[in-house]
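Structure record follows, encoded as structure tokens.
The values are calculated or read from the model by the stated rules, or taken from the named source; none is laboratory data. The model shown is predicted, which means the values in this text are computed figures rather than measured ones. Heads up, the Cβs are rebuilt from the backbone with ideal geometry, glycines too, and the neighbour counts pull from every protein chain shown. What goes into the accessible areas is simple: the full protein's heavy atoms, side chains included, and nothing from ligands, DNA or RNA. Shrake-Rupley method; radii C 1.70, N 1.55, O 1.52, S 1.80 Å.
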Amino acid sequence: MSEKREPFSSLMLYHLFKWSVVSPMLHVYFQGKITGAEQVPREGGFVAVSNHASFFDPPILSNSVGRPVAFMAKEELFKIPVLKQAIRLYGAYPVKRSSADRSAIKAALECLKEGWGVGIFLEGTRTEDGTIQNPKLGAAMIAAKAQVPLVPVSLWGTDQIGSGVPRAVPVTVRIGAPMSPPPSTKREDLEAVTENCAAIINEMHALGR
């Protein structure tokens, strides 16, 4: 039986980090605007699917949906004392580089059973302008296996933040209505949902600021 919410200790740590660091930076430094947050499920697992253009995207996405969101992290980080406990509390899950797809899906499914939201960037990597051109099927596969909704999220402006000291650029986050998971793991079902999700995210991104 799946949990209704993420672990209490992780939820408390999430809110501490959100209100002390991420939210002030998003709303003041990046003049952040967020729309559609009320559409995020308040209970149960879900897959937050987003475009990706900056290293700052994971905390911005998690802050914006109002719930902790688990993201994959390389396995080596989980061998470092103290750090491994901290990133687990924040919802990171280990992925082996040699078998990223299999281990990522297995770990994400475990997080969903524990009541977490799982964050997946639809392109699988950062893009220069933040649009999605080549969406991968991983998010749809995970949603299909867990039978949880997908929540499309557009991050606009993060492509201008940079990879070093973040530039103070306007950022807008738009959250779409939850989408039903694919009815099966057949490729045609995964592709249909993935293409629809990418189209929705790109449409929201095209709205700009």
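Observations
- Any hit, region 194-204, residues being at pLDDT 95 or above and part of a loop (DSSP other than H, G, I, E, B): no
- Scan of region 28-43 for residues that are open to solvent by 20 Å² or more (accessible area, probe 1.4 Å) and either out of contact with any strand residue (DSSP E or B) (no Cβ under 7 Å at 6 or more places or on another chain) or without any contact (Cβ under 8 Å) to a residue 12 or more places away in the chain (or both), ordered by number: VAL28, TYR29, GLN31, GLU38, PRO41, ARG42, GLU43
- Spans of strands (runs of 3 or more DSSP E) in region 1-92 with at least 2 residues in contact with a Leu (Cβ under 6 Å, 6 or more places away or on another chain): 46-50
- For region 76-103, the set of residues classified as out of contact with any helix residue (DSSP H, G or I) (no Cβ under 7 Å at 6 or more places or on another chain) and modelled with pLDDT of 75 or more consists of GLU76, LYS79, ILE80, PRO81, GLN85, ARG88, ALA92, ARG102, SER103, listed by residue number.
Each row is one residue, and each column tells you yes or no for (1) farther than 17 Å from GLU114 by Cα; (2) in contact with a Ser or Thr (Cβ under 7 Å, 6 or more places away or on another chain).
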{"residue": "LEU16", "(1), (2)": "yes, no"}
{"residue": "ILE60", "(1), (2)": "yes, yes"}
{"residue": "GLU76", "(1), (2)": "yes, no"}
{"residue": "LYS79", "(1), (2)": "yes, no"}
{"residue": "PRO94", "(1), (2)": "no, no"}
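- Any chance LEU83 is of a type in the set (A, V, I, L, M) and either out of contact with any Gly (no Cβ under 7 Å at 6 or more places or on another chain) or under 24 Å from LYS136 (Cβ atoms) (or both): yes
- Hits in region 147-180 (condition: farther than 20 Å from PHE55 by Cβ and under 16 Å from the mean Cα position of the chain (by Cα)): VAL148, PRO149, LEU150, VAL151, PRO152, ARG174, ILE175, GLY176, ALA177, PRO178, MET179
- Verdict on ALA140 being touching a residue at least 40 places away in the same chain (Cβ under 8 Å) and open to solvent by 30 Å² or more (accessible area, probe 1.4 Å): no
- Scanning region 104-121 for residues that are in a helix (DSSP H, G or I), of a type in the set (Gly, Ala, Ser) and at pLDDT 90 or above yields one hit, ALA108.
- Filtering LEU190, LEU155 for residues that are open to solvent by less than 10 Å² (accessible area, probe 1.4 Å) and under 19 Å from SER62 (Cβ atoms) leaves a single hit, LEU155.
- If you check GLY130, GLY164, GLY124 for being outside any helix (DSSP H, G or I), open to solvent by less than 20 Å² (accessible area, probe 1.4 Å) and of a type outside the set (A, V, I, L, M), only one passes: GLY130.
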